[in-house]
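Here is the structure we will look at, set down as structure tokens.
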Amino acid sequence: MTKKHKTSINYLKLPIFTGSRNIDTSQTKVIEYEENDVKSIVEIQNGNLSNYHRKLFLCLEYLFIKQNPTFKEVVYKIGDKEEVRSDKILITSFNEIREILNSKSKNYKQIIDSIRELQRVNITSTINKKVDNNIEKEMGSQFNLINKVRWITNINKKDNNTRIYTGEILIEFQDFHIQNLKSNYYRLINFELVRRLSNNSVRFFDYLNLNSYYQKEGTYRQKKKVKFEYKKLVEFLLLKYQDKNSYRERQFEKQLKELKEKGVIKSYEWEHDFFSSFLHINLSQSINLWGTYNPKQIDNVEKLTPVENKLKEYGVPPKQREFLVKGFSEEYINNKLEQYEYITKNIPHKIRGRGSYIYNSIKDDWIDDSFTEYKEKNKQKELKIITKKEKNRLEELHNEYEEYINSKCMDYIKRIMTEEEKKEIDILVYEKVKNYKFLSTDSSKSFYEEIERINIVKNRIDLPDYNKWLEIHKE
């Protein structure tokens, strides 16, 4: 890599990922910013990636640090013969990524496509420096988010069938990326929280992290209040600029609500004037937590697990927190905290003393009937959504199967069938179609002739049934 400067190091300040599910890599984006009399011009190609790409990228960083927390050169064994020695590669799998992302779907194609799209992002930066009243340009750097990707295939032989599939994924990060992770150049981030956030909220959480921390005497400190201009917020998140104030508020309503429920922010308020809109946010005492892999310079920050931090935010004293975390599962505690959040929002008169209520509700297993009913309704809604998705997917598969069969039949007619066989089938088709009284045009007639021709051929050649095709299709 060439000369380092602000752009190449802290590229997360660049609008690469959107705050929505949309993806549009066709447009090249050029942005400018000035700092300490140095003007940087940055060109981003194949950016505008979705919030899912951002969550996946964070997942890959998390897995890399988990795999190699000391950043030392490691020898990785690939298969039976090959070995790779490196201090900047991650070896993972589809299942590991799915598990980390809390993904219920086995859509491996989405993971494959997304990793490839991350690799295609190309960033070029130019620095304009003022030297003796002259503007001098120098190239800063050209780089991608991911250096190399390799799909490691495995071969499975069973019952005379050979199946080749992707077993592991090898991802090589850029040198400067590893240096950033090593020196903790990036802002603080709690991946345990990120994996529980919806994709849309992840990008907003990114923006909070980029703007809520500052360094003082070598230590990261967090602001208690932040103020964001609407225009800058949508520019960073690559969202559509809304003219109406009500639309602007609605645009971020779900993200703000979720981050408040998760304990990241305490409260928020919109301010509108003639020229712009501003979002005022009161932050929780710690919007992030430090886990096992943290640099030494922030040893003074209290290290808590996500559930401990949430109990602390709700005012549960240290000794009681320790008792709850040791005595009850994280899932059970989170369910009780969710119950507390529901009661606070819908029947607040039931709460007298936040910390004591939470402690006793966990210790004594307090159950609120209205919350239980609410959870059951949500569960039924989720089941309906899953059922609908499965139904739609089955319909898609049946359509794909029909297209496959039709293409095989047409291929047989064009390439394999003799002229005598074609004439024989033409007679059979004619006998069938001539009885179709509803046909009124030549075009509709030829359409139904084609259908009947395929139906006749379908019964004459060896084609897989739907279940057999499905097995092949999945492989």
Between ASN346 and TYR213, with labels modelled 7 Å along Cα→Cβ, what's the label distance in nm to one decimal, could you check? 3.7
With equal scatterers on the alpha carbons only and no solvent term, can you work out the Debye log10 of I(q)/I(0) for the stretch 304-367 at 0.12, 0.16, 0.17, 0.28 1/Å? -0.25, -0.44, -0.50, -1.39
Multiply the residue separation of LYS109 and LYS422 by 0.36 nm, subtract the distance between their alpha-carbon atoms, and state the gained length in nm to one decimal. 108.6 nm
Can you work out the FRET efficiency for the pair SER267 and ASP369, with r the C-beta to C-beta distance and R0 = 25 Å, to the nearest 0.05? 0.30
Mind ordering 341-349, 90-98, 235-243 by average Cβ neighbours within 10 Å, highest first? 90-98, 235-243, 341-349
If packing is taken as the average count of other Cβ atoms within 10 Å, what order do 109-119, 395-405 fall into, highest mean first? 109-119, 395-405
Length-normalised contact order of the stretch 304-367 in % [C-alpha pairs under 8 Å, at least 6 apart]: 38
Using the structure shown, list the pairs from LYS29/LYS231; LYS257/LYS363; LYS254/LYS345; LYS13/LYS148 with a Cα-Cα distance above 19 Å, or answer none. LYS257/LYS363; LYS13/LYS148
Between the stretch 305-364 and the stretch 413-428, the alpha-carbon center distance in angstrom: 75
For TRP151 and ASP462, what is the calculated FRET efficiency with R₀ set at 35 Å and r taken between the beta-carbons, to the nearest 0.05? 0.60
Length gained when the stretch GLU396-ASN435 is fully extended (0.36 nm per residue, less Cα-Cα span): 10.8 nm
Mind giving me the FRET efficiency for ILE78 and GLU99? R0 is 22 Å, r the Cβ-Cβ distance, nearest 0.05 is fine. 0.55
Counting only the backbone N, which residues of the stretch 401-416 are under 15 Å from the spot 7 Å out from the Cα of TRP469 toward its beta-carbon? 401-412
Pulled fully out, how much extra length does the chain show between PHE278 and ASP87, if you take 0.36 nm times their separation in residues and subtract their Cα-Cα distance? 64.4 nm
Given the peptides 413-419, 210-216, arrange them by the average over their residues of other C-beta atoms within 10 Å, most packed first. 210-216, 413-419
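Readers should treat all values here as calculations from the given coordinates under stated rules, not as data from a laboratory. On a predicted model such as this, the values are computed, not experimentally measured, just so you know. Virtual Cβ from ideal backbone geometry, glycine too; neighbours counted across all protein chains shown.
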